[in-house]
C-alpha cells in the first residue's frame with residue numbers, strides 16, 4: 001500500500017483527488033525532501049502538539065519552524081510538542097517520521113499557517129516511507145477544510161537559528177537544570193598528575209594501582225598484541241616504562257575512569273559495549289594519523305577516545321529518550337545520527353538543549369571537566385563537516401577516523417562517503433587510506449577484545 005490506510009480511506013471518502021509520488025525508501029521526511037530535488041517550500045509538514053485538552057496538528061511549510069508563542073497566542077493553550085513515541089501511538093498506520101499533514105483523517109483539530117494556502121500543488125507525506133502525496137490547491141483546501149488559520153511559524157531556512165541556543169547558553173542551562181555527573185575523583189587525580197611536567201612513571205603507576213579494576217584493564221592493554229611486547233610484564237610501572245609510555249597509560253586510564261561517571265546500558269548499538277569499541281578504534285586511528293598530520297600522538301589518542309562522551313551524557317540525563325534513540329538506531333542503521341536525534345529529541349522539553357547535538361554536548365562537558373582544549377574541540381565539532389578553526393587537525397583526524405570506521409560498520413556518526421576532502425585538509429594522499437586500513441585490520445581482534453573487557 002502506497003499510502004497509510006486511514007489517509008487513503010479519508011481521501012476516497014471525501015472525494016479528494018491526489019497524485020502519488022513513489023520514492024526510494026528513506027528514513028524520514030527530511031531525507032525524502034532532499035532526495036526529491038524539489039524546493040523545500042513546495043512541501044508541507046505536520047507538527048504535533050499536546051496539552052491536557054488533547055493533541056492537535058499544526059500544518060506549515062517544510063522550510064519554516066513552528067513558533068510556539070504564536071500558537072499559544074492563537075489558541076490560549078500552553079501546548080508542547082509530542083515525542084516521536086507519542087506520535088507513533090496516535091499514527092499507528094504510519095511509518096515513523098512520516099506523519100501526513102491531514103489531521104482530519106485521524107480525528108485531530110488542525111491549525112494551518114497562513115502561508116500554506118496558495119497557488120500551485122504541494123507535496124507532503126503519505127504516511128509511508130516509500131511514497132509522497134501531491135495535492136493541487138483545490139484538493140488542499142478540501143483536505144484542510146475547517147482548519148484554523150494564523151501566522152504560526154518563523155519562516156525561511158534561517159528560522160532555526162533564532163530558536164537555537166548558543167553553546168554558552170546550553171552549558172548554563174545544563175548546569176542549572178540538571179545534576180551533571182562530576183568527573184570521578186580518580187580521573188581528576190590522573191588529570192592533575194598529567195599536568196605536572198615532573199610527574200614520574202612510578203607516581204602514575206601507584207595512582208592506577210590504587211584501583212584494582214583499572215590496574216587489570218591497563219595490564220590487559222599492555223599485554224595485548226597491539227604492542228607485541230616480547231617480555232613479561234608484571235606491574236603497571238613496567239607497563240608504563242617498557243611498553244605503553246607515560247602519556248598513553250595516563251590517557252587510557254583517564255578514559256576508563258571518566259566513563260564511570262555515566263549510567264548507560266551495556267547492550268545495543270548505543271550501549272557501552274559499542275561505545276568502547278568505537279572509541280578504541282577511533283583513538284587508535286587518531287594515534288597513527290598524528291605523525292602524518294604533525295599532531296601530538298597523546299592528544300590525538302585522547303581526542304579519539306573521548307570524542308563521543310556527549311552520547312553517554314545524553315543517555316545519563318535522559319534515559320527514556322535514550323532508549324528510544326537506541327531502538328531507532330537498531331531499526332535504522334543507515335540513518336544519520338543527527339536525523340535520529342532530531343526525531344527523538346526534536347519534539348520535547350529538551351529541544352533547545354539537545355538541538356546542538358550530542359557532539360556539542362560532549363564538548364561542553366569536557367570543558368566543564370577542564371580537559372585539554374583539543375579534546376574539547378574534537379568532541380564539540382566532530383559532527384560538523386568542513387570544520388575550520390581552533391585545533392582543526394584534531395577535529396579532522398577524528399572525522400577521518402570515523403569515516404574509515406563507517407566502512408567497517410563501527411560508530412554512529414554521519415560522515416561523507418568520500419574521505420578525500422579530509423585527506424587533503426590533513427595534507428595526506430588517497431593512497432594513505434590503504435595503509436590505515438591495513439593497520440586497523442592488524443589490530444582489530446585485539447581492539448575488539450579490549451573493548452569487551454572495558455565495558456564489562
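Placing a label point 7 Å from the Cα of residue 136 along the Cα-to-Cβ line, the residues of the range 1-44 whose backbone N sits under 18 Å from it are 11-12, 14-21. Our estimate of slack between residue 5 and residue 179, defined as 0.36 nm per intervening residue step minus the Cα-Cα distance, is 58.1 nm.
Secondary-structure-derived ellipticity at 222 nm for the chain, considering helices only, amounts to -15000 deg cm²/dmol, per-run term -39500 (n - 2.57) for DSSP H runs with n ≥ 4.
Expressed as a fraction of 2.2 N^0.38 Å, the value expected for a compact globular protein of N residues, the C-alpha radius of gyration of the range 5-163 is 0.97.
Which whole number of Å³ per residue matches the convex hull of the alpha-carbon atoms in the range 62-153? Numbers along the way, then the final one.
Details: hull volume 9.7 nm³, N = 92.
Measuring per residue, one finds 106 Å³ for the Cα hull of the range 62-153.
The ranking of 21, 276 by Cβ neighbour count inside 10 Å, starting from the fewest, reads 21, 276.
Rank these for me by crowding, 229, 387, going from fewest to most other beta carbons within 10 Å. Don't skip to the end; give the middle numbers.
On the way: 229 16, 387 19.
Least crowded to most crowded, the residues run 229, 387.
Relative to the longest principal axis of the Cα atoms of the chain, the long axis of helix 167-177 lies at roughly 90 degrees.
The distance between label points at residue 373 and residue 220 comes to 3.7 nm (points 7 Å beyond Cα on the Cα→Cβ vector). Expressed as a rounded percentage, what relative contact order does the chain have, with Cα pairs under 8 Å and six or more residues apart? The value is 14 percent. The stretch between residue 292 and residue 80, if pulled fully straight at 0.36 nm per residue, gains 71.3 nm over its current Cα-Cα span. Projected over all directions and averaged, the alpha-carbon convex hull of the range 366-441 occupies 5.4 nm². The alpha-carbon atoms of the range 181-306, seen along their principal axes, cover 37, 35, 28 angstrom, with the largest extent given first. In the chain, the longest principal axis of the Cα atoms and the axis of helix 212-223 are about 80 degrees apart. For the range 100-120 and the range 257-302, write down the distance between their C-alpha centroids in whole Å. When both Cα centres are located, 47 Å separates them.
Angle of helix 357-368 to the longest C-alpha principal axis of the chain, folded into 0 to 90 degrees and rounded to 10: 40°. Spatially, the range 1-71 and the range 368-441 are offset by 36 Å when compared through their Cα centroids. The relative contact order of the range 1-113 comes to 31 percent, based on Cα pairs under 8 Å that sit 6 or more residues apart.
What is the ratio of the Cα radius of gyration of the chain to 2.2 N^0.38 Å, with N the residue count, to two decimals? Could you put the intermediate results ahead of the total?
Working: Rg = 25.2 Å, N = 456, 2.2 N^0.38 = 22.5 Å.
Normalised by 2.2 N^0.38 Å, the Cα Rg of the chain equals 1.12.
With the cut-off at under 16 Å, measuring from each backbone N in the range 238-259 to a point 7 Å along the Cα-to-Cβ line of residue 195 picks out 251, 254.
Every read-out reported here was derived from the displayed coordinates using simple, explicitly stated rules and does not represent laboratory data. Computed from a predicted structure; not experimentally measured. Reconstructed Cβ throughout: ideal geometry from the backbone, glycine too, with neighbour counts over all protein chains shown.
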